[in-house]
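Notes to accompany the following structure.
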Amino acid sequence: MRVVSSVTFDEVQREFRREHPVARQHQGNTNQDTENCLELADKAFGAWSEVRLCRADVLAVMLPWHLSEGGAYELVPRTGLTIGQAVGLIRAREREWSEGNPVCTAKIDLFRDSAFTSLYLSTHPVPHDHYADVRVGDGFIHLDGLHRMVAWELARRLPAREELTAFIAGDISSHATTGGQRT
């Protein structure tokens, strides 16, 4: 992870709304839910940073509970999974999982070849039921971008270098890097 700068919550909201309009018409639009989650993160952690992430950083992002958009199979249990673990689960049962979770699969398919857009993360779980039992690891916690991150890894598109923009709520000093080494 490479730190770009500190940013205000207003800047985070502007960027999110530019890339993810609440009124966008697509199946399972959860952009309003995400706006609410970003507000929870701002109230809980206050500080925001803009960073660049590489594939290894993204694979370590911890996901909260996700029932695959009301599908037949839970993608992420209440204790959480990393992006890497969730992708492994899908790859192991791809046909069965895809057939049982058509809305989630459609979102993932939509993003496989899409342009990279900003990710929204936090240093700790936000105070919300979906995050209540998440076991925190060394990575960051997902606020927005689950389907995109999964899709990009399934398509083997995540960059090895620190190229993906992310906005992170909370104190990132323990995660900061200089020349590829943690400080």
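For the pair residue 94 and residue 45 in one chain, pulling the backbone fully straight at 0.36 nm per residue adds 14.0 nm over the alpha carbon distance. The slack in the chain from residue 109 to residue 2, taken as 0.36 nm per residue of separation less the alpha-carbon distance, amounts to 35.6 nm. Heavy atoms of the protein chains alone define the surface here; on that basis the chain has 48 Å² accessible area per residue at 1.4 Å probe size.
Tell me what the chain gives for mean residue ellipticity at 222 nm when only DSSP H runs of n ≥ 4 count, each as -39,500 (n - 2.57), the sum divided by the residue total, rounded to 500 deg cm²/dmol.
On the way: 7 runs with 67 residues, N = 183.
So the helix-based figure for the chain works out to -10500 deg cm²/dmol.
Using 0.36 nm per residue and subtracting the Cα-Cα separation, the extra length available between residue 117 and residue 19 on full extension is 34.6 nm. Surface composition of the chain: carbon and sulfur make up 48 percent of the accessible area, probe 1.4 Å. In this rough spin-label picture, where each label sits 7 Å from Cα along the Cβ direction, the residue 35-residue 72 distance is 3.5 nm.
The local environment of residue 112, defined by Cβ-Cβ distances under 12 Å, has a net charge of +1 under the rule Lys, Arg +1 and Asp, Glu -1. Considering only 157, 18, 52, the mean-square fluctuation computed in a Gaussian network model of the chain, springs between alpha carbons under 10 angstrom, is largest for 18. Percentage of Cα-Cα pair distances in the stretch 121-179 greater than 14 Å, rounded to whole percent? Across the stretch 121-179, Cα pairs with separations above 14 Å total 65 percent. In the stretch 40-134, the C-alpha radius of gyration followed by the widest Cα-Cα span (Dmax) gives 14.4, 42 angstrom. Equivalent ellipsoid semi-axes for the chain, as square roots of 5 times the alpha carbon gyration tensor eigenvalues: give them largest first, rounded to whole Å. Computed over the chain, the values are 24, 18, 16 Å. Looking at the stretch 67-183 alone, DSSP beta bridges between its own residues are antiparallel in about 55 percent of cases.
For residue 66, the amide hydrogen comes within under 5 Å of the amide hydrogens of 75, 76, counting only partners 5 or more places away or on other chains and with H modelled in the peptide plane.
The values are calculated or read from the model by the stated rules, or taken from the named source; none is laboratory data. These figures come from a predicted structure and were not determined experimentally. A quick note on method: Cβ atoms are made from the backbone with ideal geometry, for glycine too, and the neighbour counts reach across all protein chains shown. Surface areas here come from the heavy atoms of the whole protein model, side chains and all, with no ligands, DNA or RNA. Shrake-Rupley method; radii C 1.70, N 1.55, O 1.52, S 1.80 Å.
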